[in-house]
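Taken together, the values in this text are just the output of simple stated rules run on the coordinates, not laboratory data. On a predicted model such as this, the values are computed, not experimentally measured, just so you know. Ideal geometry is used to build each Cβ from the backbone, glycine not excepted, and the neighbour counts take in all protein chains shown.
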């Protein structure tokens, strides 16, 4: 454990402990240079002295650092401090998916699909970079305060997968999501990740994992012996196509699962469509056979090794008829002998493999020409693997940017080493991906180095078709710093019409509440009414009984109450002496009421004979005033009451 206040690498100040695992401890730290919080993962001290574990840790951390995706926790730094292997990740301040399911269950099916869509998108990118997670579980899926998904621990599980470690607590958490082939001790593949994704989807729908037990062994056995419990028997409202996605992803035989995560995502995205509502139950084509199996350690820390062998006992014959024979080492006083034998077999196997294949370190060929780099690799008894070309503003065109695995990494003699060659400075032209499926468009853009985000809108176009892209076709930009948002069709929205009730007599507040509750908007005007109480609705448009779609506008007229009108008449005397220009006497009338100000001219006129003038005031809000000026002299100035 590292104490609070410890300054790691002269940069990361340890603030608190976030978690303690069987393989590594995670700390909350402050990057004192960039002044931001980060998460620091440090290999357990008992693993720091194992060179192979350290090499794997570094190699996989570096590989993971190349996974640039909004739904993958970013690796910010990798290093060694006083013999401690550590990596620095972005800090996600929020719950993990396990906690989120517990706090928010039941989740709507649309929310389930939205969460899975982000998870599958991230895993698709990882698989495209040949990175298999191997330990996908809700505890490794984090959610930031805005509800965004972030997958953690890419590559760390594989860094330790070949290390013989018995850490029961962390194992028991992972075994609920572990594929049958991993439980047997076989190498994990992309289909293993797909199995784990299927279990996660099952848990989001039902609120529970499909298999439980007191020990890791009992749970692992169920993964390759028992069928996934029916979701629809527990939740009949779940459509069959959605259950089929779970069943296909969690097939016992990897051949029956989806070939790619992108294929699973496409199937999941349409699982709620009405057109698929009559889809039959998914039935796998293959029956996975139980082969030689190394079962993971149970709560007592024991290792159970099972293998199909014929026996003469009636009980064993019965098991053989079922096609599943599990012979387990029973607990007795000599259990440690079997453990010692197993350990020796592993050690001798590793020694033999190392002596046979040898081990070399990848030479540093950075900035060498392609020809020079190939020669250096061949001289180190290594083969030249895949060559990728990427733009670079720092490495000369034709020279090596980096190798895969990275320089100084320990690899077997004869291993293939990939190289990334600079294609020179320059920007990437953005292709036109409109009209494609989102999955295909996203894969095309991410292959070019762009970060892709998704925005869905209701549209008549087929579901998941790309309608618009935020960066125009043909525009040249830097992929490393460019995020392209794809606007994708969610399909034609099935609108449920709303029948309007009669709003007459409603107050404005009551009408607002009713319309908001039904997803409608309100527009209001006011009028005087002698029959409707002030503040209540006089009329509405559309009228009551009309059917409208969500989002429609409803206009209402609110009563201002009775209109109190007061009329005053005044007799004005013509003064011929003041008519100097033949126009007559100049009369200006000023009025103060609900709609006029005394400072504003109400009427401007001339008279050439004795005249009568009528003045009408609207007095709903208090007293009024009338002022009449004739040829500059005030002849009327009086207050008017209601």
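Rounded to whole Å, the principal axis extents of the Cα atoms in segment 512-642 read 72, 29, 22, largest first. By the equivalent-ellipsoid construction on the alpha carbon gyration tensor, segment 360-422 comes out with semi-axes of 19, 10, 9 Å, ordered largest to smallest.
Only alpha carbons enter this Debye calculation for segment 428-489, each as an equal point scatterer, and the log10 of I(q)/I(0) it gives at q = 0.24, 0.26 Å⁻¹ is -0.92, -1.06. Put in order of Cβ neighbour count within 10 Å, fewest first, the listed residues 361, 223 become 361, 223.
Taking the fewest neighbouring Cβ atoms within 10 Å as the starting point, the ordered list for 89, 605, 409, 178 is 605, 409, 89, 178. Take every Cα pair under 8 Å whose residues are at least 6 apart in sequence, average their separation, divide by the length of segment 565-640, and the relative contact order is 35 percent. P(r) tail for segment 84-126: Cα pairs beyond 13 Å make up 70% of the total.
When you restrict to C-alpha pairs under 8 Å that are six or more residues apart and normalise by the size of segment 360-422, the relative contact order lands at 47 percent.
Normalised by residue count, segment 498-559 yields a Cα convex hull volume of 61 Å³ per residue.
Sorted largest first, the principal axis extents computed over the alpha-carbon atoms of segment 7-90 equal 33, 28, 22 Å. The value of relative contact order for segment 7-90, using C-alpha pairs under 8 Å at least six residues apart, is 24 percent. When you count the other C-beta atoms within 10 angstrom of each residue and take the mean per peptide, 226-233, 532-539 line up highest first as 532-539, 226-233. Set the Cα radius of gyration of segment 565-640 against 2.2 N^0.38 Å, with N its number of residues, and you get 1.14.
Our note on the geometry: Cα centres of segment 53-104 and segment 220-288, 30 Å apart.
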